[in-house]
Ligand SMILES: [Fe+2]
Ligand SMILES: [Fe+2]
């Protein structure tokens, strides 16, 4: 007996998208749907231009959310990645919408990267994305806080990677760095820091109980696997490899894989070590709940010598000076 479900019985899923992600006078190669009375209705067929009139009509009818079917997800993702720089610099698009579009795009892209990490085109897409991330976050703290507000508190490797990239860029900016190329190379390494986890099974990554010593030994290989995957594509700058290899190093030689001191770690790695731990503590894991921002930072401060103290102070300032008093 066939276990295949007939195609017409598979419920199509729909992805909500921001109307602001659609550029006026571009031809969309995916269908657009709207929700009417709980039902998804085809609103506009693929290959028609999205005009000002189309948008005004939707706004007049108070339709603010559009949908794309999951079958067209790839086409929509490609469209949005091609237009991301224009959306993020468009004065007509409200700031919080820009943050939402950037976050959703980054998350979907990172999912593709982790599913297919050796595909060079995925690494090229990551590089273009980080260029957009850097120019968006460098606009100022408001941009960073908008991103922070919408970022996911559920832990998945792809959301975690996006959060770590955002935090790393914001932290180096907080430290006063203005060298965009230097910030960009950090951003790439931060986004891809856990790419080696793509070689570890979901069963181990999402295990509810503590890892066995064999599983932990396997887990500890992901920094080196990350380097192997990235050298295979040979598409990123040498300095971006540091945070991939060294983000689990801790001062006092307490980390892995090489048991380095803080001085032996590259600045990128000292930054990513902080924001990586912070994101892991403040997001919900399958085996533990999330800790609030300042209690998490307090724990990190208490681990004297494991993290770069100057960077950690700067990070705490970035997260909100009002909370610093509680540490
Ligand atoms: Fe990691
Ligand atoms: Fe990580």
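FYI, it's all coordinate maths here, none of it is from the lab. Here the structure is a predicted model, which means the values were calculated and not measured. All Cβ positions, glycine included, derive from the backbone under ideal geometry; neighbour counts span all protein chains shown.
Cα-based values for the stretch 141-254, radius of gyration first and Dmax second, are 15.4, 44 Å. Would you kindly calculate the mean projected area, averaged across all directions, of the convex hull enclosing the Cα atoms of the chain, in square nanometres? Its Cα hull, projected and averaged over all orientations, spans 20.1 nm². Derived from the Cα gyration tensor, the three semi-axes of the equivalent ellipsoid of the stretch 171-317 are 23, 21, 14 Å, largest first. So for the stretch 13-73, what percent of the C-alpha to C-alpha distances run longer than 18 Å? Roughly 25 percent, once rounded to a whole number.
The calculated FRET efficiency for residue 327 paired with residue 239, based on their beta-carbon distance and R0 = 30 Å, is about 0.45.
Helix 95-115 and the longest principal axis of the Cα set of the chain meet at an angle near 70°.
Post the alpha-carbon centroid distance, the stretch 138-152 to the stretch 43-67, in whole angstrom. Centre-to-centre (Cα) distance: 28 Å.
The angle separating the long axis of helix 222-233 from the principal Cα axis of greatest extent in the chain is about 60 degrees. Against the main long axis of the alpha-carbon atoms of the chain, helix 267-282 sits at an angle near 70°.
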